[in-house]
Amino acid sequence: MKARGTRGGILLSLTADDTVETIAATLEPQRELLAGRVIVEIAEKVAFPVLAAIDAAVRDAGGELTDVRPPSSVMALRGETVIVARTIRGGGRIDSTGSIVVLGDVNAGAELVANDDVIVTGVLRGLPHAGAAGNEKAVIYAERILSPQLRIAGELAQSGGRGVDGAPDRKGPEVALLREGQIVVRPWGS
């Protein structure tokens, strides 16, 4: 186990080698450090009695165990949002570890692949893939969705050429999202 100070407390980083005995031996001489907020980071499987021993030591010292989480270095960072201030022509491809925002149209034959949301302020005729890394909460938003295919996380929806839902007369912005494992296209705000 490693320990380091944080604002108003201490951060304890556990490994799979930590036992109740090693935790007790490490924490007893540093009891005064446990009097504030204590955060525990767990990189690997740790037995529940080890966490219980830490919780008991913290309470005995008058502190509070406020969080148990994976290490900061392992926590997924949100990717960068890519903003494109032009129309994307057919054959173009934009990739992002975050979201993609297109200030213009996306023509047929263009591809947008984002780990988060795909947002188009114009007409979307190209192929968007929101949530490409498995984010099922990602959405595809456009002023008008006329894509022959939409992808969100691992799901796919195809159309007969009039947009995914086949509704040619819909006016106003639209959003595509996953609902019960199916991609649903609906008017924005409904």
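Scanning region 1-16 for residues being more than 14 Å from Gly63 (Cβ to Cβ) and modelled with pLDDT of 85 or more gives a total of 2. If you check Val113, Val139, Val123 for being farther than 21 Å from Gly90 by Cβ and at pLDDT 95 or above, only one passes: Val139. When residues in region 47-65 are screened for being out of contact with any Gly (no Cβ under 9 Å at 6 or more places or on another chain), under 14 Å from Glu21 (Cβ atoms) and crowded, with 19+ Cβ neighbours inside 10 Å, 3 of them pass.
The values are calculated or read from the model by the stated rules, or taken from the named source; none is laboratory data. Owing to the predicted nature of the structure, the values given are computational and were not obtained by experimental measurement. With ideal geometry, Cβ positions are generated from the backbone for all residues, glycine too; neighbour counts draw on all protein chains shown.
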